[in-house]
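Data block below; observations after.
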Amino acid sequence: MPSYTIAAIAGDGIGPEVIAEGKKALEAVAASRGDLEFHFTDLPWGSDFYRETGMMMPQDGLQRLMPHDAILFGAVGDPNIPDHVTLHGLILPIRRGMDQGVCFRPSYLYQGVSSPLAGKAPGDIDMVVFRENTEGEYAPMGGRLYPGTPHEVAVQAGVFTRHGTERIIRAAFEYAQKRNKKRKVTSVTKSNAQAFSMVFWDEVFRDVAAEYPDIETESLLVDRACMDFIRWPESFDVVVASNLFADILTDIAAIITGSMGLAASANINPTREFPSMFEPVHGAAFDITGKGIANPLATVLACSLMLEHLGETEAATSLDRAVQTCLEQGTVKTPDLGGTASTSAMGDEVVRLVQQR
């Protein structure tokens, strides 16, 4: 019987609420299959841990994650702790320490979900963004000189290696071939202004693209890409971009497909030397924390991505179909989707639909 150990880091804000529903969905899939097991290690890391210890996770946190098959992550952030402390104290060190260089974020307009864009039918928006995940603009390179004086200087360096840049671009092309939709890869940069890092990215993109002559390509500046995500989202298939630009673009993609509560993400270690991490990308959502109304479907979809990565394709399909049916029927909807259902009620509906199959 396949058995998987999952490190569950619920984290902050609505993280514990949605992770509980993700675990519930995984257990429902395991029960319906009868030949699948999940064992969760709950790790209480995050802002409360920081208040107690001065660290977002323990010094041996990466070593404690290593024995697991995958990591399920909720959210990070706290209104009373600076964002750069929480982000750089927990999720970014995990991404870098586990060499999770390939971030995969799908966006799809489901039946039963309304896009804020006029005239968009189900399936009209169907794209996947590949985000470079361990370097780029998020690299902790830089410093401050003469702090607190009129001559204070702050330097933040973006780091782009050929290894990291080629790895994410190649992953996008490989996926475009398997996806077999438009067979198109769009690269997003700002090479008119960033003459070193982004011009380098453009060069690597052209080099890799030459190995995939059957894939259509285009290169857009990030401002043009943001506009086109809104005015022509159906023109995109697979998009690849740096750490910062892909982060921004995927927030836009989530909104135009109906809700941040449907946005899932996979942080993949391509060599499988380290566990990969799966998460919803909506953030801690302080405004609704504790109200029990957060949409757990992004977490369920992240669990599906996790199952796919673990090779449990049938189980992943079961979760995907449950989410799809839940949205199509529309009888149980959280407030972000125009309903009144609670987080747990939405999770219960997913479980019911999984058990039906």
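A few points about this structure:
- Scanning the stretch 203-217 for residues that are under 24 Å from ILE252 (Cβ atoms) and surrounded by fewer than 16 Cβ atoms within 10 Å (Cβ to Cβ) returns a single hit, GLU216.
Yes/no per residue for (1) in the same structural domain as SER304 (by TED's automatic domain parsing); (2) farther than 13 Å from SER187 by Cα; (3) small (Gly, Ala, Ser); (4) more than 16 Å from the chain's Cα centre (by Cα):
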site	(1), (2), (3), (4)
VAL222	no, no, no, yes
PHE236	no, no, no, yes
ALA241	no, no, yes, no
LEU244	no, yes, no, no
ASN267	yes, yes, no, no
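- Enumeration of residues in the stretch 70-120 that are farther than 27 Å from ARG51 by Cβ and among the hydrophobic types (A, V, I, L, M, F, W, C): ALA70, VAL102, CYS103, PHE104, LEU109, VAL113, LEU117, ALA118
- For the stretch 230-246, the criterion of being surrounded by 17 or more Cβ atoms within 10 Å (Cβ to Cβ) and either on the phi > 0 side of the Ramachandran plot or polar (S, T, N, Q) (or both) is met by at least one residue.
- Per the listing MET56, MET66, the residue uniquely over 16 Å from ALA284 (Cα atoms) and aliphatic (A, V, I, L, M) is MET66.
- Residues (among the aromatic types (Phe, Trp, Tyr) and out of contact with any strand residue (DSSP E or B) (no Cβ under 8 Å at 6 or more places or on another chain)) located in the stretch 190-211: PHE196, PHE200
- Any hit, the stretch 350-357, residues being crowded, with 24+ Cβ neighbours inside 10 Å and either assigned to a loop (DSSP other than H, G, I, E, B) or without any contact (Cβ under 8 Å) to a residue 60 or more places away in the chain (or both): no
- Selection from the stretch 147-162 of residues that are of a type outside the set (Val, Ile, Thr), outside any strand (DSSP E or B) and surrounded by 10 or more Cβ atoms within 10 Å (Cβ to Cβ): PRO147, GLU152, PHE160, ARG162
- Residues in the stretch 321-347 that are buried (at least 18 other Cβ atoms within 10 Å of the Cβ) and under 26 Å from ASP69 (Cα atoms) were compared, and the one that is nearest to the chain's Cα centre (by Cα) is VAL323.
- Only one of the listed residues (THR317, THR340) is assigned by TED's automatic domain parsing to the domain that holds VAL29, in contact with a helix residue (DSSP H, G or I) (Cβ under 9 Å, 6 or more places away or on another chain) and modelled with pLDDT of 95 or more. That residue is THR317.
- Any hit, the stretch 295-306, residues being touching a residue at least 40 places away in the same chain (Cβ under 8 Å) and outside the structural domain of GLY46 (by TED's automatic domain parsing): no
The values are calculated or read from the model by the stated rules, or taken from the named source; none is laboratory data. Quantities reported herein were computed from a predicted structural model and do not represent experimental measurements. Here Cβ is always computed from backbone atoms with ideal geometry, including for glycine, and neighbour counts include all displayed protein chains.
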